[in-house]
1. Being touching a Lys or Arg at 6+ places or on another chain (Cβ under 6 Å), small (G, A, S) and at pLDDT 95 or above is the requirement here; does G111 meet it?
2. Please state which one of T175, T131 is in contact with a Phe, Trp or Tyr (Cβ under 9 Å, 6 or more places away or on another chain) and of a type in the set (S, T, Y).
3. Under 7 Å between Cβ atoms, at least 6 apart or on separate chains: pull out the pairs that start in the range 296-315 with a residue that is more than 24 Å from A245 (Cβ to Cβ) and end on any residue that is within 13 Å of the ligand (Cβ to nearest atom).
4. Just one of (1) part of a strand (DSSP E or B); (2) open to solvent by 10 Å² or more (accessible area, probe 1.4 Å) trips up V63, so point out which.
5. Here is a list of conditions, (1) touching a strand residue (DSSP E or B) at 6+ places or on another chain (Cβ under 8 Å); (2) within 16 Å of I243 (Cα to Cα); (3) open to solvent by 50 Å² or more (accessible area, probe 1.4 Å); (4) of a type outside the set (K, R), and T175 meets all of them except one; can you say which number that is?
6. So for the range 7-22 (the condition being among the basic types (K, R), farther than 28 Å from I282 by Cβ and part of a loop (DSSP other than H, G, I, E, B)), does at least one residue qualify?
7. Against the definition (outside any helix (DSSP H, G or I) and either small (G, A, S) or without any contact (Cβ under 8 Å) to a residue 40 or more places away in the chain (or both)), how does A161 come out, yes or no?
8. In the range 186-233, what residues are among the charged types (D, E, K, R), over 18 Å from K154 (Cα atoms) and within 16 Å of the ligand (Cβ to nearest atom)?
Amino acid sequence: MLYDNHGRIINYMRLAVTDRCNLRCFYCMPEEGIQYVQRQELLTYEEMERIVTLGYQLGIRKVRITGGEPFLRKGIMDFLERISQLPELAIHVTTNGTLTYDLVPKLKNLGIKSINLSLDSLDEKRFYEITRRDSFKKVMQTFEQLLAYEIPTKLNAVVMAGKNIDDILPMVALTKELPIGVRFIEEMPFNGKGSNGEAFEWDYRKILDHIKTQYPSIAKIKDPKYSTSLNYQIPDHKGTVGIIAAYSRLFCGSCNRIRLTPQGVLKTCLYDNGVFNIRDLIRAGASNEQVQEALQEALAHRAKDGHEAERKRKNNPVQESMATIGG
Ligand code: SF4
């Protein structure tokens, strides 16, 4: 079992398989995109499989495949098939849904535990304004396909002032008939330019208060273990509502996750600046034991929460695009 220096169990790895994305969500990257890392700098599938397996041997039991957009990377389905051989590993995927429709049946067969579908608006025009791409119909088709194949699905929407506030209540309304999780995420400064340290207007309290204007009976329900979201349910609704205080960082006390960037940088907190590069260690010929020791050593010096991790960045404020981290 893996533990950090604060006694928190670490059993969840978020693995970003690429920094490439086919959308340009303005809260994640500039319109012109970002400087993608060179292909040879990206972790190979063999390296990722080795790291996942070494993590599994240490107690990692959940992997979330993220990006950029993971289904943009060729060979991703073969990779998922290979790591799905690890008997107790639960594989989850976060996707923008633009390329996923045809893959849903295979994802179901692979036993993918759940899909987080990034969808910030149910309105085609607002979707375009936020993503700067005309992919709304494709994403909605993927959503319907996920429901049809009964893959546990969560809709993740970043709440942005002046952009998609009109989507909050219609998205909550989906939970009446659909057994899904609709989750609202506080905006974060991982947008390629930062936030000058200013908090974003719509925090978890304001989001909940807004929901209560139409659903005063919404009730707090028990949060799953290690949950990053505060979870609620409206009486007689089949689905649930979650609010992820990602900038307020309320959930660090039970944080059980580590992250790997597309080029193999280990992050023990979303808000840190990376601890060391596992890819370089592997390419320098490190043994499995040496890689596992380096991982345990990194966890022995982990920030207690996201605020401490951000403070430790000193003159290097948070501004990198979320596509370079994997969310
Ligand atoms: S902010 Fe950092 S410590 Fe807090 S939950 Fe996120 S990753 Fe964990």
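1. Judged against the criteria, G111 is not a match.
2. Numbers: T175 fails: in contact with a Phe, Trp or Tyr (Cβ under 9 Å, 6 or more places away or on another chain).
Unique residue meeting the criteria: T131.
3. From residues that are more than 24 Å from A245 (Cβ to Cβ), the pairs are A298/L266; A298/T268; A298/V275; A300/N5; H301/N5.
4. With (1) part of a strand (DSSP E or B); (2) open to solvent by 10 Å² or more (accessible area, probe 1.4 Å) applied to V63, the lone miss is (2).
5. Result: T175 fails condition (3) only.
6. Going residue by residue through the range 7-22, those that are among the basic types (K, R) are 8, 14, 20.
Narrowing further to those that are farther than 28 Å from I282 by Cβ: none.
No - not one qualifying residue is present in the range 7-22.
7. yes
8. D203
The values are calculated or read from the model by the stated rules, or taken from the named source; none is laboratory data. This one's a predicted model, so the numbers in the text were calculated from it and none came from an experiment. All Cβ positions, even for glycine, are placed from backbone atoms using ideal geometry, and neighbour counts span all protein chains on display. The protein model used for the area step is the full one, side chains on, heavy atoms only, and it has no ligands, DNA or RNA in it. Shrake-Rupley method; radii C 1.70, N 1.55, O 1.52, S 1.80 Å.
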